[in-house]
Each structure stands twice: as C-alpha cells, then as structure tokens.
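This report refers to the structure that appears directly beneath it.
None of the figures in this text is laboratory data; all of them are computed from the coordinates on show. Treat the numbers as computed from the prediction; the structure is a model and nothing was measured. Here the Cβ positions follow ideal geometry from the backbone for every residue, glycine too, while neighbour counts run over all protein chains shown.
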Amino acid sequence: MRNKSRRGVDKVCSFVKGDFMKMPFPDNSFDAVYAIEATCHAPDPVGCYKEIYRVLKPGQCFAAYEWCMTDSYDPSNQTHQKIKAEIEIGNGLPDIRLTTKCLEAVKEAGFEVEWEKDLAQDSHIPWYQPLDSRRISFDNFRTTFIGRFFTRKLVVALEYVGIAPKGSQRVQAFLEQAADGLVEGARWERNFHADVLLLGTKASVKLLGFDCEKCLTCSLLLAFLNINEENSVEEEMKLSGLHGLELLLSIR
C-alpha cells in the first residue's frame, strides 16, 4: 500500500482482498486479467478459470503462469510421488495438475487452445538453477548446501532465543525439501515445470495469423516478446530468451 502511494499510482490502482473462486466484481468488468503462480492454488481449476472468464470483457485477454506436472509424470512411480508431494507441501498447493488437465480446464472454462509449446527443452539457463544446492554460487550463496547449513543453524538459534516463532525450523526444513523436489522433478525426472504461460482471450481476436484483435494483455505480451510476424512463434520465443517456459495460447 505504501509503495502504491510512493510510486504515484494510488489514484489509478486499488487493492481488493477476496476469493478468486468468487470474485466481488460484476460480469465483463476488466480489460485484462493476469495471475502469476496463483491459480495453481485453486481447489477447482475449471471454476477458477470460469470466474476469470466471467469478469473479463468480451475480446480481452487472460495471461497466467501455472505450475504443472508434465506428461512424464507417472503416478505409480514412488519417486515421482515423493517429488510431487514435496512440491505441494512446500508451496501450499492442493494438487499439482498435469499440463493436459490445465488445458482441459481452460477449454471447459470457455477458451480454445490454438497453440502450445514446451520451451524447457531448449533452455540454456534452467529455471530451477537458483534452487540447486549442488551449484556453488556466490550470487546465490544462501541456496547452496553451505548456505543452507548456516541458515539452519541461524534459524535454530533465533527460535531458541524467541526471536523466530516456534515451528520455524520445521518450516525451513520443508521449504528445503520443496526446493529439492523442484530441482529433482525438473532436472532429473523432467516431470514438473514451474512456468507454464497461459494466454487466453474471451472473444474473437487476431494474433499472429489467429483470429485476434490485440487486446491490452496481448499487446503487452507481444511487446515483451518483441514478436515479428515474419518469424514463427517458436523462433521469436527463442529469440526473446524466454527459456524454461511452456507457452499455451488460448485464443477464441
């Protein structure tokens, strides 16, 4: 709230606390909607996407980063089960859904998926690299195994003297497990992706040869990606440096 006033956007920006499964806004209220690693916490993805669809104005866009299990995930594999559980507990997720399930939910909510691409395979800098405790890095020392050791000792001391609340050691432990699960799931098993980018429109638009009229969200995303219509979407995504993402364009 203080940042809002300091940055001079207090007259054009407001904060509303509510339930994204039942938003306190009338139908067709917003020119654009975005969510960053938020809708993955929804107990019902279809209901959440439908609610987003409801508050969007016709012809406008919804963009989101999702956390998904890939098609490589095997629910009968104990290692995969362990990885999934560690990520869910450490990040407060009710259930990490398969990418295909997210696609189905988007369609059921009213969007049509026209294009999708997993860019993690072409990533030069893995998204999970800052979480890898086996990687020695001075710029991210706290996540190395040495940094974790000192952090654990510090948390124990702070909790002992009463500065940190009781249970801090337990929280710190399962956050470490979550980080390990993220790295193992993405690096070794390739059954989890933390950055699945969804772009959906509520009505008819023209985007790169699709039926889309470049709404605000589409325009911002295209400007960010610096997409040139002479190149393919895959080529431009690679040129833009957005590695480790799976782009799902939901266009209607």
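In this model, which of LYS17/LYS82; LYS22/LYS166; LYS22/LYS202; LYS101/LYS202 are farther than 24 Å apart at the alpha-carbon? Cα-Cα > 24 Å for LYS17/LYS82; LYS22/LYS166; rest within.
In whole percents, the pair-distance distribution calculated for the stretch 8-150 from its alpha-carbon pairs, binned every 5 Å from zero, is 2, 8, 13, 17, 16, 14, 12, 10, 6, 2, 0.
Residue separation of PHE141 and TRP188 scaled by 0.36 nm, minus their Cα-Cα distance, works out to 14.7 nm of gained length.
Take 10-21, 89-100 and order them by the average number of nearby Cβ atoms within 10 Å per residue, most first; the result is 89-100, 10-21.
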